[in-house]
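The values are calculated or read from the model by the stated rules, or taken from the named source; none is laboratory data. Keep in mind that this is a model prediction, so the values were computed, not measured. Here Cβ is always computed from backbone atoms with ideal geometry, including for glycine, and neighbour counts include all displayed protein chains. In case anyone asks, the SASA skips ligands and DNA or RNA and just uses the protein heavy atoms, side chains included. Shrake-Rupley method; radii C 1.70, N 1.55, O 1.52, S 1.80 Å.
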Amino acid sequence: MKKAQTPDPHTTQRLRVVPGEANMRPGARLVVIHGANLGKTVELIDKPVTIGRAPVCSMQIEHRSVSRLHCEVWPEGDRFFVRDLGSTNSTMINDGQIELSELKDGDQIKVGEIVIKFLRRESLEDRYLQAMVEMATVDSLTQLPNRRVWREALESEVARAAHGLPLSLAFVDLDHFKRINDELGHLSGDEVLKAVAKEIRQSVRADQVAGRLGGEEFAIILPNLPLAAAVRFSEGLRESVEALRVNLPTGVRRITTSVGVVQWLPGMQTSADFMRAADSELFRAKAEGRNRVCYPGSSAMLAERTDPKPRI
Ligand SMILES: Nc1nc2c(ncn2[C@@H]2O[C@H](COP(=O)(O)OP(=O)(O)OP(=O)(O)O)[C@@H](O)[C@H]2O)c(=O)[nH]1
């Protein structure tokens, strides 16, 4: 089973909390506690972490007050240091401007308007903050990133796509989910949602970000995948959900999903355009009979689309 969303300095850092996992290693963490990317966490183990707006940064912060390469934090034995990288708005530690400084547990690194907390792992404050971050960023039912966090990840990936790498997006929606709630009750509906979310988590690679947008709607960011590969991924996911047998108190239940897939195109201006395009394909998958993957050009259905409940 692949673990989703391991931070990778050369692609995207994921906002994730895997209880117990990180705490087993020595080191420290950097956690955004104020401003954009609130809750973003990067582990400090044995490599330097660069903080800045540029996609190459291992802690990328999407905010205009942050320089492209703002500052760098690195370990030396069991000590940690920070140095400014010639940023426009300077780097501050607990309100004092620094060029180079050693970090103490609990220090606040101010990077433009963003505040990042440096915490030794396993300190009381670290545990408290991790619990808070988890509550603020992870959907408690499915354990997937919540909508806000997923949206921030999409913004970062769209910024990367501007540099020419392919980027695709899949919207995944359970079919006739309301019937499960109506026939078997909300708790059974929750079990079905959890089972599908688990399947999604197991399908995504480390650089792909799956999130719960709300209700029975999920979305997956697929960096470095052109449309054809994203369609293959989506078809595989659709098939594995179709093959699921969810054990409920009333017996085994099956479920299907509809998926809309699109690739980022230079003509798209914003991440909202991208989401609208995926939503439009998802709507088509529903209209064409559900349990299918639709993408631009996947069929010539010309029926008028009037979605009574826009999803974005
Ligand atoms: N059990 C459970 N139900 C939820 C949750 N969030 C939303 N729902 C339900 O999801 C259902 C969504 O229904 P619809 O939007 O009509 O969609 P659908 O029945 O899947 O129909 P199609 O999408 O058209 O195939 C509603 O009954 C919501 O109450 C949740 O967290 N748990």
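Yes or no: the range 294-309 includes at least one residue that is modelled with pLDDT of 95 or more, in contact with an Asp or Glu (Cβ under 9 Å, 6 or more places away or on another chain) and within 16 Å of the ligand (Cβ to nearest atom). Looking through the range 294-309, at least one residue is modelled with pLDDT of 95 or more, in contact with an Asp or Glu (Cβ under 9 Å, 6 or more places away or on another chain) and within 16 Å of the ligand (Cβ to nearest atom). Taken over the range 30-45, the criterion of being under 17 Å from the mean Cα position of the chain (by Cα) and of a type outside the set (S, T, N, Q) is satisfied by VAL31, VAL32, ALA36, LEU38, GLY39, LYS40, VAL42, GLU43. Once the range 189-221 is narrowed to residues that are open to solvent by 10 Å² or more (accessible area, probe 1.4 Å) and near the ligand (Cβ under 8 Å from one of its atoms), the residue that is farthest from TRP264 (Cα to Cα) is ASP190.
Applying the criterion of being away from the ligand (no atom under 11 Å from the Cβ) and of a type in the set (Lys, Arg) to the residues of the range 151-188, the residue that is least open to solvent (accessible area, probe 1.4 Å) is ARG160.
Taking the criterion of being away from the ligand (no atom under 16 Å from the Cβ) and within 25 Å of ARG160 (Cα to Cα), would at least one residue in the range 240-255 satisfy it? Taking every residue of the range 240-255 in turn, none turns out to be away from the ligand (no atom under 16 Å from the Cβ) and within 25 Å of ARG160 (Cα to Cα). Here are LEU187, LEU165: which of them is more than 21 Å from ILE200 (Cβ to Cβ) and either touching a Gly at 6+ places or on another chain (Cβ under 9 Å) or not aromatic (Phe, Trp, Tyr) (or both)? Exactly one residue qualifies, and that residue is LEU165.
In summary, strands (runs of 3 or more DSSP E) completely within the range 224-278 and bearing 2 or more residues that are assigned by the TED database to the domain that holds LEU154 and within 21 Å of the chain's Cα centre (by Cα) occur at 257-263.
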